[in-house]
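Since the structure comes first, as structure tokens, the remarks are kept for the end.
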Amino acid sequence: MLTQEAAGPAVSVRHAATWAEARELAYHCAGPLNPSKVSLREAIGHTLTRAVTAPRDLPHYASSAMDGWAVNGSGAETGSFGPWKLTTAGLPLAPGEASTIATGGLVPAGATAVLRKESGTVAEDGRLFLAHDARPEDTLPGRHIRGAGEEAGAGDVLIPAGTLLNPAHIALAAVAGHDYLHVQRKPRVAVVLTGSEVVTSGEPAAGQVRDAFGPQLDAVISQLGGTPGGQRRIGDSYQEWMAALDDADVAGALPPDVTITTGGTGKSGTDHFRDAVAALGGRILLDGIDMRPGHPAVLAVLPDGRFIIGLPGNPLAAMMALMTLGEPLLAALGDRPIPSASLMTSGADVDPVPGKTRLIPCSVIHDVVFPASHTASGMMRGLAGADGYMAVPPEGVAAGAPVPVLPLPWK
């Protein structure tokens, strides 16, 4: 859970901010969550906050790089290459002696090289000879021996702080002997799905709508850098809203850092977002955005530091509001930079909408962007086939002119 200090500087409520102002406010109203110490399995996909160093030489002992035999010298006292007298594995080797060894095995004292299995043969009398196709250099000093400290010396930095950890990093940390790593914690995000008219399976009847959020929001939260923290479905009553927003355990065992609600952000008689936040002692940081679709989005913070993002009920409007408020907020909490737009060439004229930024799903062809069709606030077809979305300024954009474009988190 966030503290009031972690929730960032105090922000006065903003009414109808521009799209750009809304993104900046959502980013700057929060500060990074405290780092956490997690197991190696949990660390994949997190950003390292404390460098991983080698506590001792890596490898910490001389080991064999091959299955075969550890040998001392070139073999018999005659100076020819072999034979060697086989002795018990693991014991020190005298000149002219050899013992079996496996890949990664401790090289015994006195060994000068490792003869790989393909290069040797054991006679019936128990002596080891070079195979007929072996070469004299197969027994040169140090051959097939991994020296202690060959990969890293004690104290060397193996993985620098700031690294986004992948499976190879985790394997390296394990090889070095680490069980836990210090990483930037990802914000836990709970979802409250609202609407008595929403059905979760089958074809909706007249007056009903199919749930477009429940099946996909957890995946989007992960793609935006959060950790899904559970979903709760409620109706349209004030009491249900209060219970859902007041319950710090809505996400399960751990309280959420952010709660996302769907629907209920308009100002009809069944929209209780603002009243519930006020009753809980929270503050509205942003109430409405001058953009289309997604205008009635709301951002609030509760006294315990938990942020609440109120998304509109229409699917495309909600997704554009989530990109506008949720993406920057989760980036700030995760100590990541705010995602930036790229200027691309518009492939079509887009009409102005005075005072509002239009967010339009689009396709990209050779750095030229084309607005998708089927992009009304209640439609998802245009977004489903899009490469990103255009942020068309209120004055519109002409074909051939630059326009800001942002990627979708699943692209």
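Values for this structure:
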{"read-out": "From the options 218, 287, 275, residue that is under 23 Å from residue 15 (Cβ atoms) and either under 21 Å from the mean Cα position of the chain (by Cα) or part of a strand (DSSP E or B) (or both)", "value": "287"}
{"read-out": "Restricting the stretch 8-31 to residues that are of a type in the set (Val, Ile, Thr) and either at pLDDT 65 or above or in contact with a Phe, Trp or Tyr (Cβ under 6 Å, 6 or more places away or on another chain) (or both), the residue that is nearest to residue 338 (Cα to Cα)", "value": "18"}
{"read-out": "Qualifying positions in the stretch 275-294 - within 20 Å of residue 319 (Cα to Cα) and of a type outside the set (A, V, I, L, M)", "value": "287, 288, 290, 292, 293, 294"}
{"read-out": "Flag for residue 348 being of a type in the set (Gly, Ala, Ser) and either crowded, with 23+ Cβ neighbours inside 10 Å or within 16 Å of residue 221 (Cα to Cα) (or both)", "value": "no"}
{"read-out": "Those residues of the stretch 310-339 which are part of a loop (DSSP other than H, G, I, E, B) and either in contact with a Pro (Cβ under 7 Å, 6 or more places away or on another chain) or touching a residue at least 24 places away in the same chain (Cβ under 8 Å) (or both), in sequence order", "value": "312, 313, 314, 334, 335, 336, 338, 339"}
{"read-out": "Breaking point among (1) over 28 Å from the mean Cα position of the chain (by Cα); (2) outside any helix (DSSP H, G or I); (3) buried (at least 23 other Cβ atoms within 10 Å of the Cβ), for residue 267", "value": "(3)"}
{"read-out": "Counted residues, the stretch 173-199 - those being among the hydroxyl-bearing types (Ser, Thr, Tyr) and surrounded by fewer than 20 Cβ atoms within 10 Å (Cβ to Cβ)", "value": "2"}
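The values are calculated or read from the model by the stated rules, or taken from the named source; none is laboratory data. What you see is a predicted model; the values in this text were computed from it and never measured. So basically every Cβ, Gly included, is an ideal-geometry build from the backbone, and we count neighbours across all protein chains shown.
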